[in-house]
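Structure first, commentary second.
Derivation of every value follows stated rules applied to the coordinates shown; laboratory data play no part. Since we're looking at a predicted model, the values are computed, not measured. All Cβ positions, even for glycine, are placed from backbone atoms using ideal geometry, and neighbour counts span all protein chains on display.
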């Protein structure tokens with residue numbers, strides 16, 4: 001998949017998110033650490049959660065299941081890494097696979113967000129946990145992209 005344009009790796013667009021979806025759980029996927037954040041459409045902000053430190057799908061998904069039980073999100077958001085020019089790389093496919101596995105295991109809608117520079121931005125913002133900070137940036141970017149309810 002290397003060299004594919006970002007549009008070829010996109011997941012459902014934020015404008016397709018039903019207005020009744022209010023709570024979201026976001027992930028900054030990594031092979032060893034996965035940052036987590038929770039946020040709501042109404043506030044448009046995200047709060048960092050403890051980073052999942054697990055190698056292997058079973059251990060990672062057990063912790064994801066705990067977060068889903070705790071927060072009861074309407075949908076999930078996953079950061080999709082790409083090169084600065086928007087082309088895919090090896091971690092792009094890993095994040096997309098993680099997204100597909102989330103959808104299959106938990107039956108929740110999963111939305112992808114371009115996560116270029118999210119970890120760098122989290123560190124620049126002084127995040128104590130760069131992975132959770134990146135998940136917050138990913139989720140807040142997603143929340144900003146949602147259509148606003150005019151009522």
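Stretching residue 71 away from residue 106 to a fully extended chain increases their span by 11.3 nm, per 0.36 nm per residue minus the current alpha-carbon distance. Based on C-alpha pairs under 8 angstrom that are at least 6 apart in sequence, segment 63-109 has a relative contact order of 37 percent.
Within segment 22-119, what percent of beta bridges assigned by DSSP are antiparallel, to the nearest 5? Spell out each step's value before the answer.
Values: 12 of 21 bridges.
DSSP beta bridges in segment 22-119 are roughly 55 percent antiparallel.
For the pair residue 123 and residue 144, label points projected 7 Å from Cα toward Cβ lie 2.1 nm apart. Building the convex hull from the alpha-carbon atoms of the chain and averaging its projection over directions returns 8.7 nm².
Could you identify which residue out of 67, 116, 105 has the top mean-square fluctuation in a GNM of the chain using Cα springs shorter than 10 Å? Its mean-square fluctuation being the largest, the pick is 105. Peptides 122-130, 44-52 ordered by packing proxy, namely the average of other Cβ atoms within 10 Å per residue, highest first: 44-52, 122-130.
Quick check on the chain: helices-only [θ] at 222 nm, where DSSP H runs of length 4 and up contribute -39,500 (n - 2.57) each and the sum goes over total residues. Nearest 500, please. Intermediate values should be presented prior to the final figure.
Values: 4 runs with 55 residues, N = 151.
Calculated mean residue ellipticity at 222 nm is -11500 deg cm²/dmol.
Residue ranges 27-35, 92-100 sort as 27-35, 92-100 when ordered by packing (mean number of other C-beta atoms within 10 Å per residue, highest first).
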